[in-house]
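J.: After the C-alpha cells below, expect a handful of questions from me.
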Amino acid sequence: MTIKIDKKIVGYKVVTQEEEMPAVEAKPLLDVESMHENLARPEMLLGSTYKIKTPQSEHALYITINDMILNMGTEHEERRPYEVFINSKNMEHFQWVLALTRVISAVFRKGGDITFMVEELKAVFDPKGGYFKKGGVYMPSLVAEIGHAIELHMKQIGMLKDLEMDAHQKQFLAEKREEFEAKHGAQDDESSDFPEQAQLCTKCQTKALVLMDGCMTCLNCGDSKCG
Ligand SMILES: [Zn+2]
C-alpha cells in the first residue's frame, strides 16, 4: 500500500511487531504437561500393588504400578502409570519378567495412547496351557495375567472405560441364569460363578456358556449364538 506524504517529515518511528498485530485480548498460554520420556521422576510416586496367584506356581506374583499425576490441581489433572515392578519368590521367569517390566515402563513413559498394550498382553497364550481363575475366567498365560492387572489399574485411574452392562442387560442375564438353574439345578462348585456344565465363551473367556432354548448363551457377557 502506498501512502503519499504531502507534509514535511518531522520524525519517524519503526513499527514494532506487537503494534502491527491486531489487538487481541491477552490470553495466558496454556501450559499443559503431558507424559513424555524426559519427564523427571518425582521423589515420591503413588502406586497400587496387585497380587496374582496362579495354579502354576506356589508363590504369588506382585505387580506394582506407580503413577504420576500431571497438572495437579488444574482442570487438566491426569493420572498416568509411570513404571511397573513385578516381585515374586519364584525366580523361574526372572529374566523375562524383568525385561517385560522394563519395556512396559518405557511404553508408559513414551506418552500418548498406551492402552493398546493391555490387549497385546492379554492375547499371549502359553503353549503349555492356561488355567481357569476363580469365577471361571480363562487365563491363557502369565503374561495375559499381567495384562489383566494393567487393565484393572487403567480402569481404576480412569484411562480405560469399564464396559459395564446396563441394568436391563444384567436383569436379562440374571433371569436366564435362574431359568437354567431351575432346569438343571444350582451348581455347588465354588471355583466358578457359573453352572458346572458351562462351556468356555470365546468372547469373554469365561466358562459361562450354556445351551438355552437351542442357543448357546453366555451367562457372563450375554453373547448368544443360535443354530
Ligand atoms: Zn461371554
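The values are calculated or read from the model by the stated rules, or taken from the named source; none is laboratory data. Keep in mind the model is a prediction, meaning the values are calculated, not measured. As a convention, Cβ positions derive from the backbone with ideal geometry for all residues, glycine included, and neighbour counts pool all protein chains shown.
J.: List every residue pair whose Cβ atoms sit under 7 Å apart, with the two residues 6 or more apart in sequence or on different chains, where the first one lies in the range 183-204 and is at pLDDT 80 or above and the second, anywhere, is of a type in the set (S, T, N, Q) and within 13 Å of the ligand (Cβ to nearest atom).
T.: Correct list of pairs: Phe194/Asn220; Cys201/Asn220; Cys204/Asn220.
J.: Exactly one of (1) among the small types (Gly, Ala, Ser); (2) loosely packed, with under 14 Cβ neighbours inside 10 Å; (3) over 29 Å from Glu92 (Cβ atoms) is unmet by Ala123. Its number?
T.: Result: Ala123 fails condition (3) only.
J.: On to the next question. Would you confirm whether or not the range 105-128 contains a residue that is among the hydrophobic types (A, V, I, L, M, F, W, C), in contact with a strand residue (DSSP E or B) (Cβ under 7 Å, 6 or more places away or on another chain), in a helix (DSSP H, G or I) and at pLDDT 90 or above?
T.: yes
J.: OK, next. Could you please let me know if Gly111 is in contact with a Leu (Cβ under 9 Å, 6 or more places away or on another chain), surrounded by fewer than 15 Cβ atoms within 10 Å (Cβ to Cβ) and farther than 19 Å from Glu58 by Cβ? Before the answer, list the steps.
T.: Working: in contact with a Leu (Cβ under 9 Å, 6 or more places away or on another chain): yes; surrounded by fewer than 15 Cβ atoms within 10 Å (Cβ to Cβ): yes; farther than 19 Å from Glu58 by Cβ: yes.
The answer is yes for Gly111.
J.: Continuing with the same structure: Taking the criterion of being within 22 Å of the chain's Cα centre (by Cα) and within 16 Å of the ligand (Cβ to nearest atom), would at least one residue in the range 206-216 satisfy it? Spell out how you get there, then give the answer.
T.: To start, the set of residues in the range 206-216 that are within 22 Å of the chain's Cα centre (by Cα) comprises 206.
Next, from what is left, pick out any that are within 16 Å of the ligand (Cβ to nearest atom): 206.
Checked against the condition, which is being within 22 Å of the chain's Cα centre (by Cα) and within 16 Å of the ligand (Cβ to nearest atom), the range 206-216 yields at least one hit.
J.: How about the range 131-156: which of its residues are among the small types (Gly, Ala, Ser) and modelled with pLDDT under 90? Even if it seems obvious, please write down each step before you answer.
T.: Filtering the range 131-156 down to residues among the small types (Gly, Ala, Ser) leaves 135-136, 141, 144, 147, 149.
Residues satisfying the conditions are Gly135, Gly136.
J.: Hey, another quick one. So, restricting to strands (runs of 3 or more DSSP E) that lie completely within the range 148-227, which ones have at least 3 residues that are hydrophobic (A, V, I, L, M, F, W, C)?
T.: 207-212, 215-218
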